[in-house]
Structures are given as structure tokens and as C-alpha cells.
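A.B. asks: One structure, as C-alpha cells, below. Some questions next.
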Amino acid sequence: MAVGVPVVAAAVAVAVWWGGAGDGKATDGTSPSATPSPSAPSSRPAAANALPASWVGTWQGTGPGSTAGDGVFSARTTKVSVTLTLHAAGRGDLVGRQVSHVTEAGSGGDIGCTETLRLQETHATSMVFQAVTSTPTDPSLGVVCRSGNVYTLSKQGADTLALGDEGSQTAGSPTHLERVT
């Protein structure tokens, strides 16, 4: 199976989070290498450059997958489950990881990816995360996962995160993640 399905989770990533055929570019059109370092100066207050405490915790969601893929460059899937774990971090810092379980329609195998996420951008009610590492959730299947995927999440109440449409998630990923802890 030569399908490369970087996942998000996770989202992200978030994830996780949710892998997909992303182009590895940030939402502002810059390349991942243009990411500011954690010590980059900013005119915004430090709290505005950090993940809000209300985002810290574990989030989960399940999507229907998508059988519309061609089976070569984009997988046919029947389910996408994502777990996103976030901890306190500033912009430019590692903030957590997303684990995606993507069920491939033909084999039933898990072609998901696990990604370590960096907090790329902070906004009032949304955050942008970038996958800095990505490995197969089930290494035995030979799935190719790539880093650089970008995910945008927005807060939708105290216990729900919504995944933005402009991210690197795979088709059929969950649109919302619910707080677990």
C-alpha cells in the first residue's frame, strides 16, 4: 500500500490531527521553515502568544471517512478517529500531539499517523498547529507520514474544538473534537 496519509490529528492535528495530502505550507502561505522561533520578539503580550489554559487537555472525535479516494494518492476510508492532547505552551513551542486512526476501506488497516504539534499561530478563539514530526500510527503497514501539515482549530464552547476547512486533514475527518479530560 503506497498511500501516504499524514494524519491529524490531530488534528491536528491538531492532528490531529487529521492527516491528509497537505502541502506543508502554513495558512499564511509561508513555508514551515518560516516558523518563528520560541524566542522571536513579538509586539503582543506574552499571554496572547500562548495556548489558553482552557485548551489544555485531551480531545477526541470521529469522522465517517471517505470512500471517494482513488486508492492510490488518496485513500478510501471508512472511519477517522482522532485524539488530540494539548499542554501549556507558547507560540513556536511544542504543544502536544495528535493520534489518528484511519481505517482503510479495502484492508481495514490503520493508515493513520501520529504527529507532534507546534503552536504556530494564536488568535482570540482559534489556534494554528503545525506537525513537526509524523510517524505511522501502525508502523507495520508501511504508511508514509510526512511532517509539515497545518491544522486550524477554533473553540466552540467550553468542551468543543472545531476543525477549520483550510487545514491538512484527510477527507472524512471529524469536524469537531470533544473534551475528554
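The values are calculated or read from the model by the stated rules, or taken from the named source; none is laboratory data. For clarity, every value in this text was computed on a predicted model and none was experimentally measured. Cβ: placed from backbone, ideal geometry, glycine included. Neighbour counts: every protein chain shown. Just so you know, the surface numbers come from the protein's heavy atoms only, side chains and all, with ligands and any DNA or RNA stripped out. Shrake-Rupley method; radii C 1.70, N 1.55, O 1.52, S 1.80 Å.
A.B. asks: Going through segment 109-144 one residue at a time, which ones are hydrophobic (A, V, I, L, M, F, W, C), outside any strand (DSSP E or B) and modelled with pLDDT of 95 or more?
C.D. replies: Scanning segment 109-144 gives a single hit, Ile111.
A.B. asks: Out of the residues in segment 117-146 meeting the condition of being hydroxyl-bearing (Ser, Thr, Tyr) and buried (at least 17 other Cβ atoms within 10 Å of the Cβ), tell me which one is farthest from Ser81 (Cα to Cα).
C.D. replies: Thr122
A.B. asks: Six or more apart or on different chains, Cβ atoms under 6 Å: show the pairs whose first residue is in segment 56-81 and farther than 30 Å from Ala158 by Cβ and open to solvent by 40 Å² or more (accessible area, probe 1.4 Å) and whose second is assigned to a loop (DSSP other than H, G, I, E, B) and small (Gly, Ala, Ser).
C.D. replies: From segment 56-81, the pairs are Thr67/Ala105; Arg76/Gly69; Arg76/Ala105; Thr78/Gly65; Thr78/Ala105.
A.B. asks: Follow-up question, since we're still on this one. Between a first residue in segment 86-100 that is more than 15 Å from Gly61 (Cα to Cα) and open to solvent by 30 Å² or more (accessible area, probe 1.4 Å) and a second residue that is in a strand (DSSP E or B) and basic (Lys, Arg), which pairs have beta carbons less than 6 Å apart while being 6 or more apart in sequence or on different chains?
C.D. replies: Pairs found: Leu94/Arg118.
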